[in-house]
Each structure stands twice: as structure tokens, then as C-alpha cells.
Amino acid sequence: MEVIKVTPRGYCYGVVDAMKLARKAAQDPSTPRPIYIIGLIVHNRFAVQELSDMGVITLDGPDRASILEQVTEGTVIFTAHGVSPLVKRRAAERGLHVIDATCPDVTKTHDIVRAWVAQGYKVLYIGKKGHPEPEGVVGEAPDDVYLVETESDLDTLPAAFLAAEKLAVTTQTTLSQWDTQRLVNTIQARYPQVVVQNEICRATQLRQEAIASQARGADLTIVVGDPRSNNTNRLVQVAEEIAHSPAIRVQRLKDLDPAALRGKHRVAVTSGASTPSQITREVIQFVEGFDKGAEATPQPLAGPAADAPGATPVRGEGTAPSAHPRD
Ligand code: SF4
């Protein structure tokens with residue numbers, strides 16, 4: 001069996017930096033306790049577990065503002081997805097020590113939206129409903145920013161948006177490039193005056209383009225990642241719709257049914273930007289050994305997590321050949 005290790009894959013720089021900040025906070029005795037993360041640091045349960053083992057408490061809930069209501073003392077860590085000004089203000093009012101792990105690419109979108117609104121624009125923000133990143137960006141100016149997930153959302157635009165002479169569009173960082181372009185085309189056809197700024201981040205673009213080209217012709221594509229990870233789910237979609245490869249998502253090796261590999265000659269493996277390298281490495285090693293008589297119940301490998309401090313990086317994971325300085 002030929003195993004295509006799709007490159008680049010796995011942790012992006014925004015996730016690596018967020019994890020480093022959280023680990024550093026946990027190891028620093030001067031960080032006010034308790035230490036809370038407002039939401040999941042990244043959408044991966046294994047990354048969350050690692051921080052929990054270090055004494056960092058992850059709080060989850062319907063939105064960042066209501067999660068923060070649970071905290072009365074200590075330190076709060078804002079995740080790579082970013083938060084709204086309201087959440088920042090409430091944290092300051094409560095006297096909490098704040099560590100902001102917002103990815104710089106997400107911060108850039110906040111800055112763009114704020115600048116547009118200050119110039120009198122109404123903003124259509126293409127993103128996923130219920131995801132924390134849109135919550136933060138729309139929260140910059142809830143009356144002036146409207147979340148659009150699908151074309152049908154355009155039919156319910158408030159009157160102020162329909163009448164806007166100054167209209168702009170921007171996007172969540174982890175969307176499918178192809179879906180987003182289709183939606184942007186529709187918006188441009190309806191509102192020719194619209195200004196467009198695509199904010200799908202470079203890490204997301206590279207991982208989608210990699211799977212679109214490298215998984216083409218694969219009998220199966222395995223995407224390793226958490227079901228709540230938007231970029232992981234988009235990679236499954238890109239494999240199926242763009243590379244035309246049947247695709248499955250597994251959270252870890254234990255979830256991989258060996259029956260899925262039987263009769264397959266070319267299998268591509270990739271992972272979401274929030275998936276620890278060790279978990280993907282286990283899946284790759286199992287698939288590589290599969291037709292060498294190693295078919296058995298998948299077992300995790302021993303050894304340190306590849307993303308742990310001092311661990312050897314896995315080639316291709318988070319090592320995209322990239323024009324982005326930190327990808
Ligand atoms: S996926 Fe993109 S925006 Fe999100 S943390 Fe990674 S680099 Fe930043």
C-alpha cells in the first residue's frame with residue numbers, strides 16, 4: 001500500500017503559540033491561580049487533556065461571555081480563536097489576570113472589521129454559526145457586522161445592510177476556500193459595490209491546497225482531528241469534493257476501523273491544524289504497517305508526544321514550505 005503523508009499537515013503556528021503560552025503560564029509559579037482557559041484552547045481533546053494534567057482548568061459553554069461569568073479570580077487565557085471586546089472588558093472589570101493567546105491572523109481580521117466600521121461600512125462576515133471565532137469578530141460591532149454562513153442568510157439581511165452604500169465582506173480564517181469563493185461570488189453579484197477581503201489564513205490555505213493536490217487519486221483519505229475542529233472538517237470536505245477521494249475523519253488511532261483499509265492501494269493521511277503530531281504519527285505508522293501483516297486492533301505507540309517540549313518534530317507537520325514567516 002502506498003501511504004501519502006500529506007504535507008503540510010497538523011499544528012499551525014497559531015496553535016503552537018497558544019499551547020506554548022498556556023504551558024508557560026502553568027509552569028510559572030507567579031501566574032495567579034486558578035488558571036482557566038475560556039473555551040477549548042484548540043479544538044482537540046488531547047491538547048486540552050495535556051493542559052488539564054498541568055493544572056489548567058478548561059471551561060466550556062455556549063459562548064465566551066457566559067463562560068467568563070464562571071470566573072471570579074485568578075488567570076484567564078483567551079484561546080487562539082479570539083474574543084470580543086465585551087469579554088475583554090468583563091475580564092478587566094473582574095480584576096482577572098489575562099493571557100491572550102489569540103492568533104495574530106485572527107487579530108488581523110478584528111482590526112480590519114474595526115477599521116471598516118469606523119469608516120461607516122456595514123460588514124458581512126462569512127463564518128460558522130456557533131464557532132468562537134465569529135463570536136469574537138461580530139462582537140467588535142454587533143450592529144454593523146452580520147454573520148453569513150450560507151447563501152440563505154443573505155435573504156434575511158437587516159434593512160440597514162440592504163441599504164448600505166458602503167458594504168464589505170470578510171471571512172473566518174478556517175473556511176473552505178472553494179465554498180467561500182462561491183459565496184463571495186454570490187454576494188458580489190447581488191451587491192456590486194461590495195469590498196472583499198478574504199481572511200482565510202495561510203496555514204489553512206496551504207493545508208487545503210496540499211490535500212487537493214496530494215490526495216487526488218487516493219483510494220481513501222484519512223483526516224486526523226477533533227469533530228469540533230472546523231479546519232479538520234473542511235479538510236474532509238476538500239478531500240471529497242476537490243481531490244475526489246473518499247475521506248474519513250478519525251480522532252485518534254483507536255477510531256480507525258481496519259476494515260476501511262482493506263483493498264486500498266493508495267491512502268492519504270493528513271491532520272487538522274489543532275491535531276497533536278503524535279496522534280497523526282500513530283495513524284501513519286499503523287497504515288504503513290497494515291499490509292505488511294500488521295493488521296490488528298490499532299494500539300497507540302509508546303513515547304513522548306511529538307508536540308511536547310524537547311520532542312523531535314515530525315517531518316511535514318507544521319513545516320509548510322511557506323511565504324508566511326511563521327507557518
Ligand atoms: S488555523 Fe490559522 S488562524 Fe487559526 S490558529 Fe492556525 S494560523 Fe491562526
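The values are calculated or read from the model by the stated rules, or taken from the named source; none is laboratory data. Since the structure is predicted, the reported quantities are computational estimates derived from the model, not experimental observations. All Cβ positions, glycine included, derive from the backbone under ideal geometry; neighbour counts span all protein chains shown.
Of note, L154 satisfies the criterion of being aliphatic (A, V, I, L, M), part of a helix (DSSP H, G or I) and either within 16 Å of the ligand (Cβ to nearest atom) or crowded, with 17+ Cβ neighbours inside 10 Å (or both).
Annotation: of all residues in the stretch 1-32 being small (G, A, S) and within 25 Å of the chain's Cα centre (by Cα), the one that is farthest from the ligand (Cβ to nearest atom) is A26. Among what's in the stretch 210-254 and is touching a residue at least 24 places away in the same chain (Cβ under 8 Å), surrounded by fewer than 21 Cβ atoms within 10 Å (Cβ to Cβ) and of a type in the set (D, E), pick the residue that is nearest to P62 (Cα to Cα). Selected residue: E241. Taken together, the residues in the stretch 196-209 that are surrounded by 21 or more Cβ atoms within 10 Å (Cβ to Cβ) and outside any helix (DSSP H, G or I) amount to 3. Which of the residues spanning the stretch 96-116 are away from the ligand (no atom under 16 Å from the Cβ) and in contact (Cβ under 8 Å) with a residue 12 or more places away in the chain? L96, H97, V98, R114, W116 - these are the residues of the stretch 96-116 that are away from the ligand (no atom under 16 Å from the Cβ) and in contact (Cβ under 8 Å) with a residue 12 or more places away in the chain. Of the residues in the stretch 33-46, at least one is within 16 Å of the ligand (Cβ to nearest atom), at pLDDT 95 or above and closer than 22 Å to Q278 by Cβ. Before we move on, is D63 surrounded by 15 or more Cβ atoms within 10 Å (Cβ to Cβ), touching a Cys at 6+ places or on another chain (Cβ under 6 Å), in contact (Cβ under 8 Å) with a residue 40 or more places away in the chain and not aromatic (F, W, Y)? Here the answer is no, as D63 does not meet what is asked. In the stretch 254-271, the qualifying residues are those that are out of contact with any Lys or Arg (no Cβ under 8 Å at 6 or more places or on another chain) and more than 16 Å from M1 (Cα to Cα), and the one that is farthest from the ligand (Cβ to nearest atom) is D257. Residues in the stretch 1-60 that are out of contact with any helix residue (DSSP H, G or I) (no Cβ under 6 Å at 6 or more places or on another chain), part of a loop (DSSP other than H, G, I, E, B) and surrounded by 21 or more Cβ atoms within 10 Å (Cβ to Cβ): Y11, H43, N44. The residue pairs whose first member lies in the stretch 12-25 and is more than 17 Å from D105 (Cα to Cα), whose second member is within 13 Å of the ligand (Cβ to nearest atom) and of a type in the set (G, A, S), and whose beta carbons are closer than 8 Å, counting only pairs six or more residues apart or on different chains, are A22/A101. The test for being part of a loop (DSSP other than H, G, I, E, B), not small (G, A, S) and not assigned by TED's automatic domain parsing to the domain that holds P258 holds for Q193.
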